[in-house]
Amino acid sequence: LLPDIENCFASATGRYIGILCNGCLIGVCGFSTKGHIAQLFVRTNEQKKGIGTTLLNQAVSECCTDRVTVDASMNAVSY
């Protein structure tokens, strides 16, 4: 994941957003404002609470396009 994160921060269009709860990062989304979601992670014990949806909706709202693509892992939790 590190090269993906480094590329996102090196890009003028790359963004990361996260959700904190009591000072603990419980969810994060890495994306390009050109319309690509590269990463979406939510802590296991915080899943099924709308955190992923909140992150995804915010990322999509910051994209400058009407089409968004998403990377997905074969091991990803169903969303």
Original post:
Highest GNM mean-square fluctuation, the chain, Cα pairs closer than 10 Å: which of Ala38, Ala12, Ala59?
Top reply: Ala12
**OP:** Per residue of the range 60-75, in order, report the coupling 6.51 cos²θ - 1.76 cosθ + 1.60 (Karplus, θ = phi - 60°) as ³J(HN,Hα) in whole Hz, putting x for Gly and Pro.
**Re:** 4, 5, 8, 7, 9, 7, 9, 10, 10, 10, 9, 7, 9, 9, 5, 9
**OP:** With a Förster radius of 25 Å, plug the Cβ-Cβ distance of Ser11 and Thr53 into 1/(1 + (r/R0)^6) and report the FRET value to the nearest 0.05.
**Re:** 0.50
Original post:
Quick one: ranking Val28, Val70 by accessible area, 1.4 Å probe, largest first, what do you get?
Top reply: Val70, Val28
**OP:** Could I have the simple spin-label model distance between Cys24 and Asp66, label points 7 Å from Cα toward Cβ, reported in nm to one decimal?
**Re:** 4.3
Original post:
Roughly how many Å² of Val77 are accessible to a 1.4 Å probe, to the nearest 10?
Top reply: 90
Subject >> Given charges at beta-carbon only (K, R positive; D, E negative), |dipole| of the chain in Debye >> reply: 200
Original post:
Which part of the range 34-64 falls in the paramagnetic zone of Val77, meaning amide N under 11 Å from the point 7 Å along Cα-to-beta-carbon?
Top reply: 41-53
Subject >> Anisotropy class of the range 39-79 from Cα gyration tensor, a/c 1.5 cut >> reply: oblate
Subject >> Nonlocal amide H pairs with Val70, under 5 Å, H built at 1.01 Å >> reply: Ile37
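The values are calculated or read from the model by the stated rules, or taken from the named source; none is laboratory data. The structure displayed is predicted, hence computed values, not measured ones. Cβ atoms come from the backbone with ideal geometry, glycine included; neighbour counts cover every protein chain shown. These area figures cover heavy atoms from the full protein model, side chains too; ligands, DNA and RNA do not enter into them. Shrake-Rupley method; radii C 1.70, N 1.55, O 1.52, S 1.80 Å.
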